[in-house]
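The values are calculated or read from the model by the stated rules, or taken from the named source; none is laboratory data. Quantities reported herein were computed from a predicted structural model and do not represent experimental measurements. For neighbour counting, all protein chains shown are included, and Cβ atoms are generated from backbone atoms with ideal geometry for every residue, glycine included. Protein only, heavy atoms only, side chains kept; ligands, DNA and RNA dropped before computing areas. Shrake-Rupley method; radii C 1.70, N 1.55, O 1.52, S 1.80 Å.
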Amino acid sequence: MAAVQTEPARLESVPAGDAPRPRRRRFSLTHWWFTGPATVLFVAFFAYPLAASVYQSFTADQDGATVWVGLRQYRRLVQDPVLLQSLVNTALLLVIQVPVMIGLALVLAGVLNASWLRFRGGWRLVYFLPAVTTLVAYSVVFRVLLKTDGGMVNQLLDGVGVGGVDWLNDATWARISLILSITWRWTGYNAVILLAGLQAIGREQYEAASIDGAGAVTTFTRVIVPQLKPVILFCSITSTIGTLQLFDENYVLTRGGPDNATMTPVLYLYKVGFDQMDFGYAAAIAWVVVLLIGLVSLIQFRLLGKGAR
């Protein structure tokens, strides 16, 4: 059988003048009409104030003029006893209040997710309501409730024969009052977030644990809680950030007293900036708070985030 020979394809030459030219990209302002307003707002209200605060932390006001002082404001931080006391107070809140609140929220979420609970929608609403209460409003309510003379809490304590407590004027009880108020405000909020995580876990895992002979407590602590690590990590980090930024509650309740027992870095920043008008030092305190938030969040992510991915 003879092989079929094909004629090689002819390459037709294309005149140089007819070669396709690269397409020019026409400059259009259309996308700037959409991104321009957002960019202007971002620069005006975020980027510029951020850069200005960094610059201001290296300056000081001398004889009505702003002068560059280098790291002097940051050296003041190490020697400031009030700031150091505020950091100790914040550390106590992080060590005591945040774990207690997350633990209560976890238990509350487990109860709200129970199949035997009636009117679950109503109970969820009740426990979430404190989260929609304004910070100043609920702080004022707690200040009225915890008044030493005539406060409802002391009236109840007197009624049962325990005796009143100087809630807001004693250092220890002032810290306890602050912890109680924050816990009341944010426990339901974290419980609802944890409840969403619980509802993502299938019922078959409960049934499998029950078949293996695990009780309700063992199932919750050994099977369910490990699967909630990402949600617990989220609640822990957001609660830590909120604690490091604490201002409204202790400002309304105690003004940072007594004897700076409830002073926090943000409240001290406010007093330095707006009472003493020392904006350079206040800017330095603000950046220390930012660094602390990043450092503590990183530590939490390292400790709790190993099995949360």
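As a test question: what accessible area, to the nearest 10 Å², does residue 176 have when a 1.4 Å probe is rolled over all protein chains in place?
Using a 1.4 Å probe on the heavy atoms, I get roughly 60 Å².
With a 1.4 Å probe and every protein chain left in place, work out the accessible area per residue of segment 98-238 in Å², rounded to a whole number. Could you put the intermediate results ahead of the total?
On the way: 7890 Å² over 141 residues.
Accessible surface, normalised per residue, equals 56 Å².
May I ask you to give the percent of accessible area on segment 38-178 that is carbon plus sulfur, with a probe radius of 1.4 Å? Let's see the in-between values first.
Values: 6080 of 8740 Å².
That share works out to 70 percent.
Using +1 at the C-beta of Lys and Arg and -1 at the C-beta of Asp and Glu, which of 116, 66, 173 has the Cα lying farthest in the positive direction of the dipole of segment 34-190?
Ranked along the dipole, the leading option is 116.
Quick one: if you stick a label point 7 Å off each Cα along the C-beta vector at residue 55 and residue 212, how many nm between them?
For the pair residue 55/residue 212, the computed spacing is 6.1 nm.
What percent of all Cα-Cα pairs in segment 160-226 falls into each 10 Å bin, going from 0 up to the bin containing the maximum distance?
Percent of pairs per bin, in order: 17, 27, 21, 19, 15, 2.
Relative to the longest principal axis of the C-alpha atoms of the chain, give the angle of the C-alpha long axis of helix 279-304, reported between 0 and 90° and rounded to the nearest 10°.
On a 0 to 90 degree scale, this one is about 80.
Could you give the radius of gyration (one decimal) and Dmax (whole number) of the Cα atoms in the chain, in Å?
30.2, 119
Could you check the spin-label model distance between residue 84 and residue 40? Points 7 Å from the Cα along Cα→Cβ, value in nm.
So the label points at residue 84 and residue 40 sit 5.0 nm apart.
The chain: longest stretch without exposed chymotrypsin sites (Phe, Trp or Tyr not before Pro) (DSSP loop, at most 13 other Cβ within 10 Å), sites themselves excluded?
Details: sites that count: 27, 116, 119.
The segment 120-309 is the longest one with no such site.
Mind pulling the angle between the C-alpha long axis of helix 98-112 and the longest principal axis of the chain? Nearest 10 degrees, somewhere in 0 to 90.
Between the helix axis and the principal axis of the chain, the angle is about 80 degrees.
Given the options 94, 29, 117, state which has the largest fluctuation in a GNM of the chain using a 10 Å cut-off (strictly under) for Cα springs.
29
Take the Cα pairs of segment 222-309, get the Kirkwood Rh, then feed it into Stokes-Einstein at 4 °C and 1.567 mPa s and tell me D in µm²/s. Could the numbers behind the result be given before it?
Working: Rh = 14.7 Å.
Rounded, D is 88 µm²/s.
What is segment 106-253's relative contact order, in percent, from Cα pairs under 8 angstrom and six or more apart in sequence? Walk me through the intermediate numbers first.
On the way: 112 pairs, mean separation 46.5, N = 148.
Contact order relative to length: 31 percent.
Could you do me a favour and compute the accessible area per residue for segment 259-302, 1.4 Å probe, result in Å²?
Numbers: 2110 Å² over 44 residues.
Accessible area per residue, segment 259-302: 48 Å².
Across segment 118-174, what fraction of all alpha-carbon pairs, as a whole percent, falls in each successive 10 Å bin from zero upward?
Spelled out per bin, shortest first, that is 22, 33, 29, 16, 0.
How big is the convex hull of the Cα atoms of segment 129-278, per residue, in Å³? Please report the intermediate quantities before stating the final value.
On the way: hull volume 23.2 nm³, N = 150.
In segment 129-278, the Cα convex hull volume per residue is 154 Å³.
What's the magnitude of the charge dipole for segment 45-182 around its Cα centre, counting Lys and Arg as +1 and Asp and Glu as -1 at the beta-carbon? Answer in Debye, nearest 20. Each step should come with its number before you reach the end.
Values: 9 positive and 7 negative charges, 115 e Å.
Here segment 45-182 has a charge dipole of around 560 debye.
Roughly how tilted is helix 171-199, in degrees to the nearest 10 and between 0 and 90, from the longest Cα axis of the chain?
Computed tilt is about 40 degrees.
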